[in-house]
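**Student:** Next up is a structure, given as structure tokens.
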Amino acid sequence: MPRPNPFCHLALPRLALTALLLTGLTTACSRPDPETAADSAPPPVRVYSSRAEHLIKPLFDRYTRETGVPVRYLTDQAAPLIARLAAEGANTAADALLTVDAGNLWHAAHQGLLQSLDSAILDANVPAHWRAADRSWVGLSVRARAIVYSTERVAPAELSTYADLAADRWQGRLCLRTSKKVYNRSLVASMIAADGVAATEAVVRGWVANLATPPLSNDTRAMQAVLAGVCDLTVVNSYYFGRLLQENPDALLAIFWPNQGGRGVHVNVSGMGVTRHARNPAGAQALLEWLSSPAAQRDFAGLNKEYPVNPATRPVATVAAWGEFAMDPIPVERLGELQAEAVRLIDRAGYR
Ligand code: FE
């Protein structure tokens, strides 16, 4: 009897996934008896993804149509997927890890779970500051962390930098997402890289002093709090602003790109790496190269209202409408390296 394959099941609860992973890893979904498969059929690429199914399935389906290579995937949060890869070691079924935030990608690479790639295609498609120096992972889309403010209570002329949100005039007017999520940790890491620990800690303490309400569970809740009048402004990834406007086009909110007189807007990436113990590393690398190509970039970024990493690809119209802005050119790998320092600073500053 063929054993069940976890990649036939999508976004299952973690315990169910674990059980499936333990029961069998390599049998094909559509071919109960793999030995009857034609020898010429290309082997599948198997992906662990913390990027949601609706953002990846259209791309993977198209890749299969264009190349004949099946892509199997399972989705979960980043931390359990990385822990799973570590626990499975050489027995992992995953050829690739797709996740969000350089902090998570760096963490996986730092644990030795990914392998370095030698690819002129990736070098050409992805600017160096959006991939690991050893190409153990490569950014595939860019997310910008912006200020979103109430157009009723804030004038854009009042806004300038992330650090300025620590100023006294924002007392009781700021909402922030919890620091337990990697996004603001990476923002703080970028501030440490630019301004040092002491100056950054003073800013984070100022943010905490200015909070109108305890940190909120996610970026969308933070914007809803602004809409509800709990606070006047917040800091979110731009695609959450896009989603909110899609559902509520009349929301009296606007986006502001901070730090334009200085280092630029804090950006981060979603990205992918080939696992150290991949059974199909060539297939995984080919998929990664395709995802970084102009053919795939517009949809990969556009489905989540993000920015393409490939400079040859324009963002979709909704995203382009938010205007052009300078991005912080820091290698996003640094955000991973500084993650632990950022978390210690955040704890000291009392940002929960
Ligand atoms: Fe997100």
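**Student:** I need the phi-derived Karplus couplings for segment 130-147: 6.51 cos²θ - 1.76 cosθ + 1.60, θ = phi - 60°, integer Hz, Gly and Pro marked x.
**Tutor:** After applying 6.51 cos²θ - 1.76 cosθ + 1.60, I find 10, 9, 5, 4, 8, 6, 6, 8, 9, x, 10, 8, 10, 10, 9, 9, 10, 8 Hz.
**Student:** For Cα pairs less than 8 Å apart in space and 6+ apart in sequence, what is the mean separation divided by the residue count of the chain, i.e. the relative contact order in percent?
**Tutor:** Here the relative contact order equals 25 percent.
**Student:** Could you please state how large a percent of the accessible area of the chain is carbon and sulfur, counting protein chains only and using a 1.4 Å probe?
**Tutor:** It is 54 percent, rounded to a whole number.
**Student:** Using a 1.4 Å probe, what is the accessible area per residue for the chain, in Å²?
**Tutor:** 41
**Student:** Please work out whether segment 254-352 counts as rounded, prolate or oblate from its C-alpha gyration tensor, where a ≥ b ≥ c are the square roots of the eigenvalues and a/c under 1.5 means rounded, while otherwise a/b larger than b/c means prolate and anything else oblate?
**Tutor:** Judged from the Cα gyration tensor, segment 254-352 comes out oblate (a/c at least 1.5, b/c at or above a/b).
**Student:** Once you put a point 7 Å from the Cα of residue 118 and another 7 Å from the Cα of residue 312, both along the Cβ direction, what distance in nm separates them?
**Tutor:** So the label points at residue 118 and residue 312 sit 2.3 nm apart.
**Student:** Also, I was wondering about something else. Return the percentage of antiparallel bridges among DSSP beta bridges fully within the chain, rounded to the nearest 5 %.
**Tutor:** In the chain, approximately 65 percent of DSSP beta bridges are antiparallel ones.
The values are calculated or read from the model by the stated rules, or taken from the named source; none is laboratory data. Note that the coordinates shown come from a computational prediction; the quantities given were computed from them, not determined experimentally. Methodologically, a virtual Cβ is constructed for each residue, glycine included, from the backbone with ideal geometry; neighbour enumeration extends over all protein chains shown. Accessible surface areas use protein heavy atoms only, side chains included; no ligands, DNA or RNA. Shrake-Rupley method; radii C 1.70, N 1.55, O 1.52, S 1.80 Å.
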